[in-house]
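Quick notes on the structure that follows.
The values are calculated or read from the model by the stated rules, or taken from the named source; none is laboratory data. No experiment lies behind these values; they were computed from the predicted model shown. Here the Cβ positions follow ideal geometry from the backbone for every residue, glycine too, while neighbour counts run over all protein chains shown.
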Amino acid sequence: MRLRTMGKALGLMVALATAASAFAGPLDLKQVAGSAKWLAHVDFDAMRESTVVQKAVAAHKAEHKHAEAHLKMVQALTGIDVCNDLHGATLYGPEVGKHKATIILNAKLNREKLQGWAEKLPGREASEHNDHKISTWTKKHGKHSHTLATAWHGELLVLASSVDELKAALDVLDGKADSVGSDGALAGSAPAGTTVLMRATGIAEAKLPHKDPVAKQTESFRFVVGENDGKSFFRVRAEMTNDEIVGQVKEIVEGGQALATIASGKNELKLRLVNGLEVRPKGDTLTLLWSGSADDVWTQAQECAKKCAAMKAKMKQHASACKQCKQCKECDKCKKSDKCDKCDAGKDAPAKDAPSSDEEF
């Protein structure tokens, strides 16, 4: 299983988390290895408290009548009630840009049922580390292979992209290896109501597949998004290699904000959302702070969803359009031919006179 697949599964869990829970799922830095260069955390409990998420889930269920049945089917197969049993998930890795990661899932899981499924998967290998039983699967793709290693640590399910990484993660949870300290590059508290958090350090030195010029001038990056007391928020802080790049990025952000203001016209809701952004440069650090009414966010999200649905319907309607002139093949004149009569007519049309230099811009 690829890390990308693990990420998609995690995204599904985020979308399905809906109801209140008796346990908390905030970030616990004692679970993260001290050698980590990046981490991400999803607090499912905080998501269930978000009014925007609650309205989104309700709208999804209203549109998709079989949503409840699908959830019950997942629960019957896995023993997991994704609406109530997921509390928090922490991901971290030793290097930015590398396909190496550890995932710690804090959830009320049906251990026996999951173990039964795991034992039936082909290619499973079993081993032990201290008192922990490890299950490993390796899948080959041509010259490359991808490994998934899992183990339980109390009520936590730990997954990693290699056996060695899994053993190292278990040592951290056992208190036998260092975790992120209070003064570490990834340390720090999260604001109340945070649903998703990301932090990374050593970005400028990382060997990234794409040589992004901004990334090469970014030392560290932090991001949080969430909702608290009726207010949605996100916060970004980037430490750059120099204050010149901070000023340049600031101008880009403020330019985007100005364009959004123009596009908003006299729409008061959109203007409130745009004006909720504050840009704070200080030395080699750039901080972006935004907050706005959760009700405004939901109203705008609904409008965006309607536009996306209309665009999707239009794309579907013209999916079989003529490649040359985009005339829909479903019309009477075009559906019997690979190209419509407009294309044929265009061939015989007289060429237009070339514009003079005075007409060129």
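Of the residues making up region 225-284, those that are within 30 Å of A185 (Cα to Cα) and among the basic types (K, R) are K231, R235, R237, K250, R280, K282.
Applying the criterion of being over 26 Å from the mean Cα position of the chain (by Cα) and small (G, A, S) to the residues of region 141-180, the residue that is nearest to H87 (Cα to Cα) is G154. Listed by first and then second residue, the pairs with beta-carbon distance under 7 Å, at least 6 apart or on different chains, first residue in region 97-112 and touching a residue at least 12 places away in the same chain (Cβ under 8 Å) and in a loop (DSSP other than H, G, I, E, B), second among the acidic types (D, E) and surrounded by fewer than 22 Cβ atoms within 10 Å (Cβ to Cβ), are K100/E165; K108/D85; L109/D85.
Is it the case that T299 is among the polar types (S, T, N, Q), within 30 Å of N242 (Cα to Cα) and at pLDDT 55 or above? When the stated conditions are applied, T299 does not pass them. The single residue among L259, L273, L288, L277 that is modelled with pLDDT of 95 or more, of a type in the set (A, V, I, L, M, F, W, C) and exposed (fewer than 13 other Cβ atoms within 10 Å of the Cβ) turns out to be L259. Scanning region 220-237 for residues that are in a strand (DSSP E or B), without any contact (Cβ under 8 Å) to a residue 40 or more places away in the chain and not hydroxyl-bearing (S, T, Y) yields F221, R222, F223, V224, V225, N228.
In region 113-140, the residue that is farthest from the chain's Cα centre (by Cα) out of those that are acidic (D, E) and assigned to a strand (DSSP E or B) is E128.
So, K270, is that one free of Cβ contacts under 8 Å to residues at least 40 places away in the same chain, among the basic types (K, R) and more than 27 Å from T51 (Cβ to Cβ) or not? It is false that K270 is free of Cβ contacts under 8 Å to residues at least 40 places away in the same chain, among the basic types (K, R) and more than 27 Å from T51 (Cβ to Cβ). Residues that are among the aliphatic types (A, V, I, L, M) and part of a loop (DSSP other than H, G, I, E, B) were ranked within region 141-193; the one that is surrounded by the fewest Cβ atoms within 10 Å (Cβ to Cβ) is A192. Look at L197 and say whether it is part of a loop (DSSP other than H, G, I, E, B) and either outside the structural domain of H87 (by TED's automatic domain parsing) or in contact with a Cys (Cβ under 8 Å, 6 or more places away or on another chain) (or both). Considered against the rule, which asks whether it is part of a loop (DSSP other than H, G, I, E, B) and either outside the structural domain of H87 (by TED's automatic domain parsing) or in contact with a Cys (Cβ under 8 Å, 6 or more places away or on another chain) (or both), L197 comes out as no.
Go through the residues of region 259-272 one by one and say whether even a single one is in the same structural domain as T299 (by TED's automatic domain parsing), within 30 Å of F44 (Cβ to Cβ), part of a strand (DSSP E or B) and not hydrophobic (A, V, I, L, M, F, W, C). Checked against the condition, which is being in the same structural domain as T299 (by TED's automatic domain parsing), within 30 Å of F44 (Cβ to Cβ), part of a strand (DSSP E or B) and not hydrophobic (A, V, I, L, M, F, W, C), region 259-272 yields no hits at all.
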